[in-house]
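Where a number appears in this text, it was derived from the coordinates with a stated rule and is not lab data. Fair warning: this is a prediction, and the values are worked out from it, not measured in the lab. A quick note on method: Cβ atoms are made from the backbone with ideal geometry, for glycine too, and the neighbour counts reach across all protein chains shown.
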Amino acid sequence: MKNPVSSPSAALVLFSGGQDSATCLAWALDRFDRVETVGFGYGQTHAVEMDARMRVRDTMRAIRPGWKDRLGEDHVVDLSGYGAVAESALTADRAIEIGESGLPTTFVPGRNLVFLTVAAALAWRRGMNILVGGMCETDYSGYPDCRRETIDAQQRAITLGLDMPVRIETPLMHLSKAQTWSLASELGGAALVGLILEETHTCYRGDRSLRHDWGYGCGACPACDLRARGWREWEAATG
């Protein structure tokens, strides 16, 4: 079968509107001639995540010269049926804690595997073969589908299944959260750091009523704790 890739310098970013995916979007805009984004409505209990992603996208265009022209279409895929099957504290009214399996109840079984498969199908149709995701195993949250070993296996499976070479880029894979803040600063300076602080959403509880030095969130869930610690470590390192 003829290889459908028509844009060798194009990438599709898995974009949730959080700190990590916003940094990955900037990373992609810095490297590829055309960048598109895809978001997933997987039945998450807080619509604030989907609202944040569009604000971040719209503001991102003006941060660096050329980014406006490189940032292409956004796509949203309805995976609410999957979210109902893969019930977790992110898709149902459950406590955020370590479950009987030893994994946190915020773990959505197979989420990254599903997202990458659907994103790859979309990329195939759009003539792209590079996917960019914010998975990270350095600040490991207990999610087995965030490990590079998992991503490598998925990359091979998608390559075989689509009969085209697919590359899954994970620029944050080996970075701490402090290093992720640093990367954002390198890519877009104070403007990008400010955008991440004000508009991205990470909090598992969907709380945007409290503004901390590291951004909005409840300040108590694991996602807020990780983001806050990374911010303070980065601030301390930069003086």
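What to note about this one:
- Computed from phi, the 3J(HN,Hα) profile of segment 150-161 under the Karplus parametrisation 6.51, -1.76, 1.60 (θ = phi - 60°) reads 5, 5, 4, 5, 5, 4, 5, 5, 5, 4, 5, x Hz, with x in place of Gly and Pro.
- Under 5 Å from the amide H of Val77 lie the amide H atoms of Gly39, Phe40, Gly41, each residue being 5 or more positions distant or on a separate chain, with H modelled from the backbone and absent for Pro and chain starts.
- Extension gain, Asp74 back to Arg156 (0.36 nm per residue minus Cα-Cα distance, nm): 27.0 nm
- Contour minus Cα-Cα distance for Arg31 and Met54 (0.36 nm per residue): 6.2 nm
- Calculated FRET value between Thr238 and Arg61, using beta carbons and R₀ = 25 Å, to 0.05: 0.40
- In this structure, the amide hydrogen of Gly72, modeled 1.01 Å from its nitrogen in the peptide plane, lies closer than 5 angstrom to those of Val35, Glu36, counting only residues at least 5 positions away or on a different chain.
- Taking amide H atoms as placed 1.01 Å from N in the peptide plane, the amide H of Gly18 lies under 5 Å from those of His201, each 5 or more residues away in sequence or on another chain.
- Rounded to whole numbers, the Karplus 3J(HN,Hα) couplings from phi for segment 206-222 are x, 8, 10, 8, 10, 9, 9, 5, 9, x, 8, x, 5, x, 10, 6, x Hz, using 6.51 cos²θ - 1.76 cosθ + 1.60 with θ = phi - 60°, and x at Gly and Pro.
- Among residues other than Asp33 with Cβ under 10 Å from its Cβ, the summed charge is +2 (Lys and Arg +1, Asp and Glu -1).
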